[in-house]
Amino acid sequence: MRFDISVPQFSGPDGVDAAALAAYLRRAEELDFGGAWVMEQTLGPAPLLAPLETLGYLAALTERIRLGVAVLVTSVQSPAHLAGSLATIDLLSHGRLDIGISAGGGFRKFEAFDVDRETFVGRFLDGLRLMADMWAEGPVDHEGAFFTVRGDIQPKPVQRPRPPLWFGAGARTSLRRAVRYGDAFMGAGSNSTARFAGQVQNLRVALEEADRDPATFPIGKRAYLAVDDDPAAARRSVLDGLRRIYGDSVPGLDEVAVAGTPDDVTAGLAEVIAAGAGTLLLNPITGTPEGDHEQMERLAAEVIPQLSD
């Protein structure tokens with residue numbers, strides 16, 4: 001098992017407490033978490049710091065912990081700019097970057113990004129190929145349906161042939177796409193454990209069809225959680241955090257949280273592991289680095305040891 005931790009990205013009324021964020025990340029590294037992950041929400045109710053800029057900052061604060069983003073909706077972004085930014089973060093972190101990507105869904109506000117709703121999947125795939133071409137050795141000669149780039153493009157990432165691509169997906173066609181183009185899968189925190197289990201089953205079918213070894217294709221899941229000796233208080237805390245991130249746009253949020261006493265949270269996370277997760281992205285959502293720091297300490301001391309036995 002690999003245990004990762006989320007990064008407190010909330011900007012409060014007084015801005016960002018950079019010292020608290022730095023202390024959080026350094027402590028996460030001391031506690032031997034495998035990775036620290038940010039999320040992307042360009043349009044939404046939460047005052048979240050931009051993910052790539054935050055990862056660049058975190059690269060300077062840390063030495064060993066891997067740094068990830070889950071997930072970037074790359075269908076609405078410029079793949080040329082994105083490839084350069086991600087290569088830069090991989091260089092600054094000396095090869096510690098994990099990249100979560102998704103095409104997005106039909107509900108997305110594509111008009112805000114000047115992207116055609118009818119062709120976003122094709123744009124996503126062409127952009128993915130362009131980024132791979134830009135990260136490969138030698139000059140780029142890419143002529144696709146949406147993007148044309150030629151020339152000697154720098155910089156290249158440290159990890160070869162590229163940093164690992166963790167796909168975020170749900171539908172069967174998207175899961176098959178993840179197996180064809182990706183290196184790993186990250187289940188969404190907004191999905192229940194039961195829904196995640198169904199995705200893992202479909203993913204394993206797709207891996208078998210593609211003749212890919214499941215042992216070389218990591219599967220993870222983000223788990224929104226709260227630990228408290230008062231189970232009702234834990235439940236209120238995590239639901240408040242989910243509303244800060246998603247507002248009222250995602251139905252069934254009360255089904256996705258893992259909350260309660262350390263034993264309750266351990267049991268809930270054990271179900272996620274049983275559903276197929278080899279990586280747990282543990283995601284407290286108190287809204288402050290200090291609050292998330294306290295949650296991280298409790299997870300490290302009271303939950304993870306039970307899951308590691």
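The C-alpha atoms of the chain define a longest principal axis, and helix 18-30 lies at about 90 degrees to it.
Per residue, the accessible area of region 1-118 comes to 43 Å² when a 1.4 Å probe rolls over the protein heavy atoms. The tail of the calculated P(r) for region 39-80, taken as Cα-Cα distances beyond 11 Å, holds 70 percent of the pairs. Based on every Cα atom in region 15-104, Rg and the maximum pairwise Cα distance Dmax equal 13.1, 36 Å. Entry note, the chain: relative contact order of 18 percent, from Cα contacts under 8 Å with a spacing of 6+ residues. At q = 0.10, 0.15 Å⁻¹, what base-10 log of I(q)/I(0) does the Debye formula yield for the chain when every alpha carbon is treated as an equal point scatterer in vacuo? Taken in order of the listed q values, log10 I(q)/I(0) reads -0.54, -1.28. Between the helical axis of 172-181 and the longest alpha-carbon principal axis of the chain there is an angle of about 60 degrees. Element breakdown for the chain at a 1.4 angstrom probe: carbon and sulfur atoms account for 50% of the accessible area. Express the Stokes-Einstein translational diffusion coefficient of region 53-102 in µm² s⁻¹, to the nearest whole number, given a Kirkwood radius over alpha-carbon pairs, 37 °C and a viscosity of 0.692 mPa s. The estimated diffusion coefficient comes to 296 µm²/s.
Figure note: His293, His81, His142 ranked by solvent-accessible area, largest first, 1.4 Å probe, ligands and nucleic acids not counted: His81, His293, His142.
For region 29-161, count the residues as N, evaluate 2.2 N^0.38 Å, and divide the Cα radius of gyration by that value, please.
With N residues counted in region 29-161, Rg over 2.2 N^0.38 Å equals 1.10.
Eigen-decomposition of the gyration tensor built on the alpha-carbon atoms of region 210-309 gives equivalent ellipsoid semi-axes of 24, 18, 12 angstrom, largest listed first.
In terms of accessible area, using a 1.4 Å probe and ignoring ligands and nucleic acids, Tyr181, Tyr57 rank largest first as Tyr57, Tyr181. Extent along the principal axes, Cα only, for region 99-147: 38, 23, 15 Å, with the longest axis given first.
Sorted largest first, the spans of the alpha carbon positions of region 178-263 along the three principal axes are 47, 30, 18 Å.
What angle, in degrees between 0 and 90 and rounded to the nearest 10, separates the Cα long axis of helix 120-135 from the longest principal axis of the Cα atoms of the chain? Around 80 degrees separate the two axes.
May I ask what percent, to the nearest 5, of DSSP beta bridges between residues of the chain are antiparallel? Just about 15 percent of them are antiparallel.
The values are calculated or read from the model by the stated rules, or taken from the named source; none is laboratory data. Computed from a prediction, not measured in an experiment: that's the story for all the values here. Heads up: the accessible areas ignore ligands, DNA and RNA and are worked out on the full protein's heavy atoms, side chains in. Shrake-Rupley method; radii C 1.70, N 1.55, O 1.52, S 1.80 Å.
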